[in-house]
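Each reported figure results from applying straightforward, stated rules to the coordinates on display, with no laboratory input. Small disclaimer: the values here were computed from a predicted structure and weren't measured.
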Amino acid sequence: MRVVAKFGGTSLGSGERIDRAADSVAAAVEDGHEIAVVASAMGSTTDDLLEDITFETDEADRAQIVSMGERTSVRMLKAALAARGIEAQFLEPGKAEWPVITDEYGEVDVEETQKRALEIAESMDETVPVLTGFLAEGPDGSITTLGRGGSDTTAVMMGKYMQADEVVIVTDVEGVMTGDPRVVEGARNVGEISVDELRNLSFRGAEVVAPSALSYKDGRLNVRVVHYQHGDLLSGGTSIEGEFKNLVDLRERPLACLTVAGRAIRNQPGVFYDLSKALSESDVNVDAVASGMDTITFYIDEEEAERAENILHREVIAHDTLSSVTVDSPVAVVRVTGGELPNQPGIVNDIISPLAEERIHLQDVVTSATSVALFVDWDDREKTLELTQDLF
Ligand SMILES: Nc1ncnc2c1ncn2[C@@H]1O[C@H](COP(=O)(O)OP(=O)(O)O)[C@@H](O)[C@H]1O
Ligand SMILES: N[C@@H](CC(=O)OP(=O)(O)O)C(=O)O
């Protein structure tokens, strides 16, 4: 198997941990696998270096300084592998074989990176390449970075472009857990998770895999997260399933939009609970919820509209603070999913401006970490789809 193994800062936090990392790589190589290593900076080195920059610097000097973290790690790992009789070679920006090349805007030059990654892959039957994670090389040969947490991105990108079978992210947790084990009690390994689900979690703060890394996950590449104490790179942990896709998708069936109005409804948390409980007890499936200060809107399948209207009406009668329920249908929803939505300031504006220019009435815009849902009149669905097609 061809595997890219990424060791995060925590798994390289001491000499002992580096020894452990080298043992696991050596064991996999001895079992006949082709292994490439992507290394982060040891422990909190990146944070420490950034904290020490107390003076004015430009981006180029800053990148040079922080790069020392990863550049130290690859030397350590290469030497630790050599001590185990494993032929290894460290790679960093500036070396002829270095693969991660960016253009003048800091975007990865896919063609060049892919070409170089394949060249490295061809050498893997003889040597273990040990690459600095997080770092890239600009068109003028300068060092740049892929942003915080960028080693995960290096690893999945290299996995894809080296045509590896698997990327293993080695870290200080058993895998993707039901909650952050540093905070919640009794967190357990989820075992399997889809790439879309994990991207949502990552954009919402689960550091375990950097969200931008997952954009490189395609269907044929396995990505797994394992604990550094597990020892075996080739089993265990959490498996990340599926393929990352940029998608503009129209829900095929029309929705109805049911709006309950009431005084300062948003400040009455019990009211929202009562309304959704009533719907869920009657098995009404809610597609989306949008709330304003004095309204809560439920989007549900149009066929359920009359039943749901009656259910919500009973709640209006039962609550003094609620005044009415109204229904608007048919409504269409177009969902834009993917890209780097949360990292693109103004993206929602970019999505809705063309709709405004065409005088398409937007009933609601519901955003999540990785998607934007546009609720429009049913008759405007094709036009909305057309106007959002060219986003990616
Ligand atoms: N749902 C989650 N599952 C696993 N780890 C999580 C989750 N949410 C947050 N984390 C945190 O992510 C950390 C691992 O990410 P990070 O510190 O960046 O590791 P590394 O140094 O290996 O890159 C864990 O120590 C854990 O506290
Ligand atoms: N060392 C870099 C890159 C990185 O990905 O680190 P880690 O794998 O330890 O999260 C940072 O701290 O941002």
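Calculate how steeply helix 305-318 sits against the longest principal axis of the alpha-carbon atoms of the chain, using the helix alpha-carbon long axis, and give the answer as 0 to 90 degrees to the nearest 10. Taking the Cα atoms of the chain, the angle to 305-318 is about 80 degrees. Derived scalar couplings between HN and Hα for the range 206-222 equal 6, 6, 3, 9, 5, x, 5, 4, 6, 5, 8, 6, 10, x, 8, 8, 7 Hz in order, rounded to whole Hz, by the Karplus curve 6.51 cos²θ - 1.76 cosθ + 1.60 (θ = phi - 60°), x for Gly and Pro. Pairs LYS115/LYS217; LYS78/LYS115; LYS78/LYS160; LYS160/LYS383: which exceed 28 Å Cα-Cα? Going by Cα-Cα distance, LYS160/LYS383 fall outside the 28 Å limit.
Shape class for the range 49-165, computed from the alpha carbon gyration tensor (a ≥ b ≥ c): oblate, with a/c not under 1.5 and a/b at or below b/c. Based on alpha-carbon centroids, what's the gap between the range 129-200 and the range 1-51 in Å, whole number please? What the calculation gives is 12 Å, centre to centre.
One way to sum up the overall shape of the range 180-225 is the equivalent ellipsoid from its Cα gyration tensor, whose semi-axes run 21, 13, 8 Å, largest first. Once backbone amide H atoms are built at 1.01 Å from N, ALA136 has THR144, THR145, LEU146 as its partners under 5 Å, excluding neighbours fewer than 5 places away on the same chain. To the nearest ten degrees, helix 347-357 and the longest principal axis of the Cα atoms of the chain are 40 degrees apart. Here is the size of the range 1-111 from its Cα atoms: Rg then Dmax, 15.6, 50 Å. Rg and Dmax over the alpha-carbon atoms of the range 2-244 stand at 16.7, 50 Å.
Add -39500 (n - 2.57) for each DSSP H run of 4 or more in the chain, then divide by its residues: what number comes out at 222 nm, to the nearest 500 deg cm²/dmol?
My calculation for the chain gives -10500 deg cm²/dmol from helical runs alone.
When a/c reaches 1.5 or more, the comparison of a/b and b/c decides; with that in mind, is the range 159-263 rounded, prolate or oblate per its Cα gyration tensor? Verdict is oblate for the range 159-263.
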